[in-house]
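> Got a structure for you, written out below as structure tokens; questions coming shortly.
The values are calculated or read from the model by the stated rules, or taken from the named source; none is laboratory data. Note that this is a predicted model, so its numbers are computed, not measured. Note that each Cβ is placed from the backbone with ideal geometry, even for glycine, and that neighbours are counted across all protein chains shown.
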Amino acid sequence: MIILSKHNIFYFLKYSNISKSSLSVLFVFFICLNSPIVFSAAGDVISNTATINFISQGVSLVQESSPSGNSLAGVGNGTATSFTEDRLINFSVVSIDATAVNVSSSQSAAFLSYTVTNNGNDVQDFLLTAVNTATPFAANTDNFDPVPPMQVFVEDGSSAGYLLAEDTQVFIDDLAIGATATVYVVATMPVTVIGDAAAVALIAQVAEGGTAGQGAVITSDDNSHVSPAGTYSNGAVTIAAGSANLVSDTAGVETVFNDPAAVNPEDVDSASVQDVRANGQHSDTGLFLVQAAAPASVVLNKTVTVIDTLGGTDPHAGSTLRYQIDVVVGGVSNVNNLVITDAIPVNTTYTPSSLLLNGIAQTDVSDTPTDYSEFNGSAIIVDLSQGGTVSVAPATPNLITFDVTID
Amino acid sequence: MKKIRLIFKLFISAVFFTSLFSPAVFAKDGKIVLTNKVFKQVIKKDKDGNTSYDYVEPKTALPGDVMLYIISFENIGTDPADNIVINDPVPNNSKYRIDSATGNNTDITFSIDGGKNFGNPKDLVVSDKNGKEWMAKPESYTHIRWVYKKSLLPGEKGEVSFKTEIKGNK
């Protein structure tokens, strides 16, 4: 029996019309209940003894009950009616990512999060394995698998989220009655396309708990339900599940797999694509979704400097206007077919051979592949993608300058 | 605690005292046979698919299972038994099921304080810190008491019962 301490709760108890008394009695009293949450546990003996008080020939007598009938008077002469609470294997596996986990192509150490909760009445170990599945998620069709092997790790409680240095346990050791463990499925993505999705199920298999280290897999129960034996692998560590019925009827305590309706299509087990009732395994499925990187963008920043004929900055007829265009690709992706065109302003005249790209002189004529820039008579044109052969990388600026004179 | 011990001592001495003067009581044979049997409630389906409850020997007993306790008392003596009161604690790991206590010719009351006080369900009231009163939940009952309203004549038999549910998730 496990008792979790809880805050003291004060109750006021009031009784009225207590039947013991012929008088109507009303009294109120306080008791302080150190109200514990008591979990009944497998192996507990549940016992009950009734007592009868009566008067015979003017003599008060007391007797206790027994399962077969007790006729001996006196306290202590009865026998409790008792039975042993058997073990119910009852647990749940739940994907706790609110939505699909966004990943990018070739990302490493992407992880899905799950909880495993022990709702049974005994301490249990749980072996874990992640499997690819093609589970139907309404919006996303599974169309790729992460790079094998996928790994499974148990959160150690230090800090939330999967951390290589902290979360190293590959099975759940001794999960107490009512307790929950967080589990991560960690995987590397292959080269993928935006919108690709990979459904991954975490399967938990119940095993014997109570002693440190991995307990023997419970491969069948006492209702002749069989658990699919198999190998539980987190990639780094392979755990053989065994294949024998190791625990039937241990110490008089029967073991029973709970038998929930397998209505969730996301549940699978290690032996089939669909959850099997009462097999000592439960699962749930999460989804990796390859996400669009931030949309590509190109930022143009154009400035002008006046160089007048007298060496000042007065824009009068004959002054030169030097334009500079900074071209920067935003986002995280390269950009193709990036061509910058800038019309020569009215009342100005392009200064021949003034076009520079990153400080390098460009010819005015169209003469690829000498360069990919030109002045076409009304505008300068700079093809940063060099005829579609070059992707322009983000973040690195390209500087275009050219001069015009004021007419 | 002292008070309980005192009562117990008084009780012991009363038994001892009376036994000195009534050898029949001192004898090991009492006048009533008190039997307490436990069964597990299972759902039974007949050939038409109708379901009903059946009560069987508990081969397995798991959280969520409903257990039926039947307590019978039979007068095997030669004199009537009067002022019959049966007390039974709700077993460990178990919670009393609402409205499950039965017993012909009995008044049934319950305790929520370990058997110190008994009352009808509507009179078992708890109130929280804010003063709001609540009827105690049946699962918080600790004891059940049946007061038999008749004399149990020699050869007569009576029976009371109640149900519990084993605590925990199904």
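> Say we look at the stretch B:116-150 and pick out the residues that are in contact (Cβ under 8 Å) with a residue 12 or more places away in the chain, in a loop (DSSP other than H, G, I, E, B) and facing chain A (nearest Cβ under 10 Å); which of these is surrounded by the fewest Cβ atoms within 10 Å (Cβ to Cβ)?
We begin by selecting, within the stretch B:116-150, every residue in contact (Cβ under 8 Å) with a residue 12 or more places away in the chain; these are B:118, B:121-122, B:124, B:126, B:135-136, B:138-150.
If we keep only those that are in a loop (DSSP other than H, G, I, E, B) as well, we get B:118, B:136, B:141-142, B:149-150.
In the following step, the residues that additionally are facing chain A (nearest Cβ under 10 Å) were identified as B:118, B:136.
Numbers: B:118: 25, B:136: 23.
Among them, the one singled out is B:136.
> Check A:126, A:153 and return the single one that is in contact (Cβ under 8 Å) with a residue 60 or more places away in the chain, farther than 24 Å from residue A:41 by Cβ, out of contact with any helix residue (DSSP H, G or I) (no Cβ under 6 Å at 6 or more places or on another chain) and among the aromatic types (Phe, Trp, Tyr).
A:153
> Might you let me know whether the stretch A:87-96 holds any residue that is farther than 20 Å from residue A:282 by Cβ and away from chain B (no Cβ under 14 Å)?
Of all residues in the stretch A:87-96, those farther than 20 Å from residue A:282 by Cβ come to none.
Scanning the stretch A:87-96 turns up no residue that is farther than 20 Å from residue A:282 by Cβ and away from chain B (no Cβ under 14 Å).
> Taking the condition of being touching a residue at least 24 places away in the same chain (Cβ under 8 Å), part of a loop (DSSP other than H, G, I, E, B) and either closer than 30 Å to residue B:170 by Cβ or not acidic (Asp, Glu) (or both), how many residues in the stretch B:59-79 meet it? Don't jump to the end; show me each part of the working.
First, pick out the residues of the stretch B:59-79 that are touching a residue at least 24 places away in the same chain (Cβ under 8 Å): B:61-79.
Still in the running and part of a loop (DSSP other than H, G, I, E, B): B:61-65, B:76-79.
Among the residues that remain, those that are also either closer than 30 Å to residue B:170 by Cβ or not acidic (Asp, Glu) (or both) are: B:61-65, B:76-78.
The total comes to 8.
> Which numbered condition in (1) crowded, with 17+ Cβ neighbours inside 10 Å; (2) not in a loop (DSSP other than H, G, I, E, B) is the only one that residue A:148 fails?
(1)
> Going by the conditions given, is residue A:200 buried (at least 23 other Cβ atoms within 10 Å of the Cβ), closer than 17 Å to residue A:117 by Cα, modelled with pLDDT of 85 or more and of a type in the set (Val, Ile, Thr)?
Working: buried (at least 23 other Cβ atoms within 10 Å of the Cβ): yes; closer than 17 Å to residue A:117 by Cα: no; modelled with pLDDT of 85 or more: yes; of a type in the set (Val, Ile, Thr): yes.
Criteria not met by residue A:200.
> Would you mind stating whether residue A:356 is in contact with a Ser or Thr (Cβ under 6 Å, 6 or more places away or on another chain) and closer than 27 Å to residue A:406 by Cβ? It would help to see each step written out before you state the result.
Numbers: in contact with a Ser or Thr (Cβ under 6 Å, 6 or more places away or on another chain): yes; closer than 27 Å to residue A:406 by Cβ: yes.
Yes: the conditions hold for residue A:356.
> Might you check whether a residue that is within 14 Å of chain B (Cβ to nearest Cβ), surrounded by fewer than 21 Cβ atoms within 10 Å (Cβ to Cβ) and hydrophobic (A, V, I, L, M, F, W, C) occurs anywhere in the stretch A:99-121?
To start, the set of residues in the stretch A:99-121 that are within 14 Å of chain B (Cβ to nearest Cβ) comprises A:117-121.
Next cut, surrounded by fewer than 21 Cβ atoms within 10 Å (Cβ to Cβ) only: A:117, A:119.
Cutting the leftovers down to hydrophobic (A, V, I, L, M, F, W, C) gives us none.
There is no residue in the stretch A:99-121 that is within 14 Å of chain B (Cβ to nearest Cβ), surrounded by fewer than 21 Cβ atoms within 10 Å (Cβ to Cβ) and hydrophobic (A, V, I, L, M, F, W, C).
> Name every residue in the stretch B:28-58 that is exposed (fewer than 10 other Cβ atoms within 10 Å of the Cβ) and either in contact (Cβ under 8 Å) with a residue 12 or more places away in the chain or within 7 Å of chain A (Cβ to nearest Cβ) (or both), in order of residue number.
B:28, B:57
> I need the full set of residues from the stretch B:63-74 which are over 28 Å from residue A:256 (Cβ atoms) and either more than 7 Å from chain A (Cβ to nearest Cβ) or among the polar types (S, T, N, Q) (or both), in order please.
Within the stretch B:63-74, B:72, B:74 qualify.
> Name the strands (runs of 3 or more DSSP E) wholly inside the stretch A:280-387 in which the number of residues that are within 30 Å of residue A:112 (Cα to Cα) is 3 or more.
Values: elements: A:281-290, A:297-307, A:320-330, A:339-343, A:348-350, A:373-375, A:379-383.
Ranges flagged: A:281-290.
> Then there is this: What about residue B:109, is it within 8 Å of another protein chain (Cβ to nearest Cβ), surrounded by 18 or more Cβ atoms within 10 Å (Cβ to Cβ) and β-branched (Val, Ile, Thr)?
Working: within 8 Å of another protein chain (Cβ to nearest Cβ): yes; surrounded by 18 or more Cβ atoms within 10 Å (Cβ to Cβ): yes; β-branched (Val, Ile, Thr): yes.
It is true that residue B:109 is within 8 Å of another protein chain (Cβ to nearest Cβ), surrounded by 18 or more Cβ atoms within 10 Å (Cβ to Cβ) and β-branched (Val, Ile, Thr).
> Continuing with the same structure: Inside the stretch B:47-83, can you point out the residues that are aromatic (Phe, Trp, Tyr) and either under 30 Å from residue A:120 (Cα atoms) or touching a His at 6+ places or on another chain (Cβ under 8 Å) (or both)?
Narrowing the stretch B:47-83 to residues aromatic (Phe, Trp, Tyr): B:53, B:55, B:69, B:73.
Correct list: B:53, B:55, B:69.
> Also, quick follow-up: Taking the stretch A:76-94, which residues are crowded, with 21+ Cβ neighbours inside 10 Å and polar (S, T, N, Q)?
A:81, A:90, listed by residue number.
> Moving on. For residues that are crowded, with 20+ Cβ neighbours inside 10 Å and more than 7 Å from chain A (Cβ to nearest Cβ), scanning just the stretch B:75-102, find the one that is farthest from the chain's Cα centre (by Cα).
B:75
> Then there's this: Looking only at the stretch B:85-115, how many residues end up being outside any loop (DSSP other than H, G, I, E, B) and closer than 16 Å to residue B:160 by Cβ?
14
> On the given criteria, is residue A:169 without any contact (Cβ under 8 Å) to a residue 24 or more places away in the chain and closer than 23 Å to residue A:219 by Cα?
Values: without any contact (Cβ under 8 Å) to a residue 24 or more places away in the chain: yes; closer than 23 Å to residue A:219 by Cα: yes.
Judged against the criteria, residue A:169 is a match.
> How about the stretch A:90-112: which of its residues are among the polar types (S, T, N, Q), closer than 22 Å to residue A:180 by Cα and either more than 12 Å from the chain's Cα centre (by Cα) or modelled with pLDDT of 90 or more (or both)? I'd like the intermediate steps shown before the answer.
Within the stretch A:90-112, the first condition is being among the polar types (S, T, N, Q), and the residues that meet it are A:90, A:92, A:95, A:99, A:102, A:104-108.
Still in the running and closer than 22 Å to residue A:180 by Cα: A:90, A:92, A:95, A:99.
Result: A:90, A:92, A:95.
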